[in-house]
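The values are calculated or read from the model by the stated rules, or taken from the named source; none is laboratory data. Nothing here was measured: the structure is a model prediction, and the numbers come from that model. Please note: Cβ atoms are built from the backbone with ideal geometry, for glycine as well, and neighbour counts cover all protein chains shown. With ligands, DNA and RNA removed, areas are computed over all heavy atoms of the protein, side chains included. Shrake-Rupley method; radii C 1.70, N 1.55, O 1.52, S 1.80 Å.
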Amino acid sequence: MIEGARWKRWVFFYLPMAFFLLFLLFPFYWMVITAIRPDGELYRPWNSINYNPFWTTQPTWDHVRGLLEETLFATWMWNTMFIAMASTVISLVCGVFAGYALARLNFPFAGGLGTGIFITYLVPQTLLFIPLAEIIRNYSLGDTPWALILTYPTFLIPFCTWLMMGYFKAVPKELEECARIDGASRWQAMLYIIIPVAIPGILSAGIFAFTLSWNEFIYALVFLSSPDQKTVPVGVTSELIRGDVFFWGQLMAGALLGSIPVAIAYSFFVEHYVSGLTGSVKG
Amino acid sequence: MAQVVLKNVNKLYGPVQAVRDVNLSIYDKEFVVLVGPSGCGKTTTLRMIAGLEAISSGDIAIDGQVVNDLAPMDRDIAMVFQNYALYPHMSVFDNMAFGLKMRKFDRREIAKRVADAADVLGIGELLKRKPRQLSGGQRQRVALGRAIVRHPRVFLFDEPLSNLDAKLRVQMRVELKKLHQRLGTTAVYVTHDQVEAMTLGDRVVVMKDGEVQQEGEPLELYNRPANKFVAGFIGSPAMNFATVTMVDGSGGLAARNGGMEIAVTAGQAERLRGHVGRQLTLGIRPEDLRVADGVEPAGLTFSSRVEVIEQLGSEILLDVRVGDDTMVAAVDPAVRVRPDDTLRLAVNPQRLHFFDARTERAI
């Protein structure tokens with residue numbers, strides 16, 4: 001807290017804080033308010049007398065109900081959840097082992113390999129989906145969840161590996177050496193000592209991976225076509241924008257409901273998540 | 001209970017030789033301290049005994065069995081690390097029990113052994129706590145406890161006290177010594193602190209640049225250092241060195257330079273006669289210097305000018321200038337001096353050390 005006169009606290013703390021809060025929370029407010037306004041208010045021209053975009057006098061659940069009853073939103077939610085979970089688990093398992101190997105096992109070119117893995121993460125998805133589409137077609141995976149579960153790791157594994165590598169490097173080597181003297185094999189030392197110590201790092205890698213796959217758009221748009229296979233981001237935009245008609249109420253209701261799982265994941269793990277990012281290991 | 005033998009042990013990191021031809025026999029129940037400045041290869045040697053570093057060449061045997069290719073877990077050793085390396089996610093009990101669990105001891109035996117070790121170290125009330133809830137000294141005890149529950153053949157200590165504050169370090173030093181006397185397990189202890197080495201070791205091994213400089217009982221190293229490095233490293237404050245020329249004068253053999261001329265005893269004269277006319281390094285420990293009281297023979301005193309006075313209570317350390325050299329003298333606390341005073345100092349003629357100026361070996 002800033003010490004000193006009251007005006008200082010206002011100028012240097014409360015006002016900037018209020019600005020950031022407004023800046024960050026306004027999109028959510030906009031989603032909420034649009035999702036619960038009746039169509040009559042939503043499509044009222046801006047120059048009409050009772051035009052008021054920031055408030056509603058007649059809140060309604062119509063859009064949410066419409067979203068759940070008239071569209072396949074529940075299916076999309078389930079698809080997204082399943083795909084995000086599965087690809088996160090695959091990427092975490094690979095990332096943890098690869099990160100451990102790169103950080104701890106002394107083998108030639110370990111450093112170069114680490115950098116190489118990071119560089120693959122930098123290849124833009126908008127380029128990579130073209131050759132991937134070919135592969136998906138060859139293996140007849142198109143329009144199935146596996147098309148995404150197997151392609152998301154192309155960017156999630158490098159990401160998790162890189163994050164875990166940094167984390168494992170911060171774990172004191174002596175912990176593992178001590179475990180090995182205590183009678184643990186390398187495998188046991190990793191399982192009983194290193195991985196439990198690295199849980200904050202694993203959690204933050206997991207949350208990131210989950211969020212990235214939850215929000216992913218391009219692959220989902222290209223590799224899935226049937227409405228009942230789609231994920232939330234693609235489903236909402238492709239089914240609720242018809243031609244040039246935007247179903248704003250349902251779109252925003254979909255965006256709102258779609259962001260809830262990620263918000264829950266973040267707030268639930270936030271403590272671990274923060275300590276994971278700062279790499280703190282208490283000795 | 002075991003003896004540890006190192007035979008021609010070498011360690012190379014690429015072109016860098018970290019450890020060179022180390023030969024060392026550590027007897028059963030002995031407490032051996034490896035001491036030296038940082039980068040001298042002492043920790044590498046310890047880690048090779050532990051099996052954490054591969055040996056480039058040579059043999060390490062524990063109880064007659066060559067362990068070169070044995071994994072750390074199969075060597076039946078325990079190691080205490082400088083940063084304690086306590087498992088942060090486990091309670092004190094689990095930290096201590098981990099090694100026993102890995103070795104498939106049954107539960108009752110584990111509980112008994114942990115309780116016994118906790119009792120010995122006075123950490124019985126801490127068993128349920130996590131390492132982060134402990135003070136530095138308590139963590140140190142837990143690390144020790146983790147080592148002793150297994151009843152290993154050899155204890156390895158890697159600078160275990162260097163993270164503690166000065167007072168606690170002295171206290172833990174005494175406790176370590178007691179613990180060793182009680183358990184009688186063979187121990188190899190690495191430190192850069194020569195006081196720790198002298199007080200703890202049954203035998204001390206001084207290392208520098210990967211090579212053993214001298215090994216022996218603490219007092220042997222103090223009284224008869226094998227070379228200038230050992231002489232300067234063991235003892236606090238460090239030994240004074242001055243370059244002198246041996247002259248054969250009217251009063252017999254003497255060591256002379258611009259600031260002093262010191263007569264050599266008959267016993268030393270024999271060894272030094274061959275060096276007449278050559279430059280040597282003379283070593284005098286600060287505690288072997290005192291303020292002259294006027295009755296000493298002329299050949300055993302010299303004049304000096306006081307530069308700095310360090311009052312320690314039990315003694316006074318005087319930084320004095322003798323010709324071109326600076327020396328430290330540990331003198332009686334009753335002596336009253338002031339900076340820039342001229343003072344006559346007397347040496348103990350039995351305790352002069354001479355080193356070859358080129359090879360630095362003791363003569």
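Within the stretch A:50-99, the residues that satisfy the criterion of being surrounded by 15 or more Cβ atoms within 10 Å (Cβ to Cβ), more than 26 Å from the chain's Cα centre (by Cα) and assigned to a helix (DSSP H, G or I) are A:ASP62, A:GLY66.
Taking A:PHE28, is it at pLDDT 85 or above, outside any loop (DSSP other than H, G, I, E, B) and loosely packed, with under 11 Cβ neighbours inside 10 Å? The answer is no for A:PHE28.
Among the residues of the stretch A:33-42, those identified as surrounded by 11 or more Cβ atoms within 10 Å (Cβ to Cβ) and more than 13 Å from A:GLY254 (Cβ to Cβ) are A:ILE33, A:ILE36, A:ARG37, A:PRO38, A:ASP39, A:GLU41, A:LEU42. Beta carbons closer than 8 Å, at least 6 apart along the sequence or on distinct chains, pair a first residue in the stretch B:140-152 that is facing chain A (nearest Cβ under 10 Å) and surrounded by 24 or more Cβ atoms within 10 Å (Cβ to Cβ) with a second that is polar (S, T, N, Q) and assigned to a helix (DSSP H, G or I) for B:ARG146/B:ASN95.
If you go through the stretch B:94-103 and keep only what is more than 9 Å from every other protein chain (Cβ to nearest Cβ) and either without any contact (Cβ under 8 Å) to a residue 40 or more places away in the chain or basic (Lys, Arg) (or both), you end up with just B:ASP94.
Give me the residue from the stretch B:253-271 that is out of contact with any strand residue (DSSP E or B) (no Cβ under 6 Å at 6 or more places or on another chain) and of a type outside the set (Lys, Arg) and, out of that set, surrounded by the most Cβ atoms within 10 Å (Cβ to Cβ). The extreme case among them is B:LEU253. Can you name every residue in the stretch B:81-93 that is facing chain A (nearest Cβ under 10 Å) and either open to solvent by less than 50 Å² (accessible area, probe 1.4 Å) or of a type outside the set (S, T, N, Q) (or both)? Once the filter is applied, which keeps residues that are facing chain A (nearest Cβ under 10 Å) and either open to solvent by less than 50 Å² (accessible area, probe 1.4 Å) or of a type outside the set (S, T, N, Q) (or both), the stretch B:81-93 yields B:PHE81, B:TYR84, B:ALA85, B:LEU86, B:TYR87, B:PRO88, B:HIS89, B:MET90. Would you check if A:LEU102 is in a helix (DSSP H, G or I), modelled with pLDDT of 90 or more and under 20 Å from A:ILE207 (Cβ atoms)? No, not satisfied. Among the residues of the stretch B:315-363, those that are open to solvent by 20 Å² or more (accessible area, probe 1.4 Å), in a loop (DSSP other than H, G, I, E, B) and within 30 Å of B:GLU270 (Cβ to Cβ) comprise B:GLY323, B:ASP324, B:ASN348, B:ALA357, B:ARG358, B:THR359, B:GLU360, B:ILE363. Contact map, the stretch B:296-314: residues that are crowded, with 16+ Cβ neighbours inside 10 Å paired with residues that are assigned to a loop (DSSP other than H, G, I, E, B), Cβ distance under 6 Å, separation 6+ or inter-chain. Pairs shown: B:GLY299/B:GLY251; B:THR301/B:ALA292; B:PHE302/B:MET260; B:VAL306/B:VAL337; B:VAL306/B:PRO339; B:VAL306/B:ASP341.
The residue that is farthest from the other protein chains (Cβ to nearest Cβ), among those in the stretch B:64-80 that are part of a helix (DSSP H, G or I) and more than 27 Å from the chain's Cα centre (by Cα), is B:ASP74. Might you check whether a residue that is open to solvent by 20 Å² or more (accessible area, probe 1.4 Å), at pLDDT 90 or above and of a type in the set (A, V, I, L, M) occurs anywhere in the stretch B:224-231? Looking through the stretch B:224-231, at least one residue is open to solvent by 20 Å² or more (accessible area, probe 1.4 Å), at pLDDT 90 or above and of a type in the set (A, V, I, L, M).
Within the stretch B:181-193, the set of residues being open to solvent by 20 Å² or more (accessible area, probe 1.4 Å) and either touching a helix residue (DSSP H, G or I) at 6+ places or on another chain (Cβ under 6 Å) or not polar (S, T, N, Q) (or both) comprises B:ARG182, B:LEU183, B:HIS192, B:ASP193. Scanning the stretch A:239-252 for residues that are open to solvent by less than 30 Å² (accessible area, probe 1.4 Å) and not in a helix (DSSP H, G or I) turns up just one, A:LEU240.
Figure legend. Inter-residue proximity from the stretch B:50-66: first residues among the acidic types (Asp, Glu), second residues surrounded by fewer than 17 Cβ atoms within 10 Å (Cβ to Cβ) and not in a loop (DSSP other than H, G, I, E, B), beta-carbon distance below 9 Å, spacing 6+ or different chains. Indicated pairs: B:ASP59/B:LYS7; B:ASP59/B:ASN8; B:ASP59/B:VAL66.
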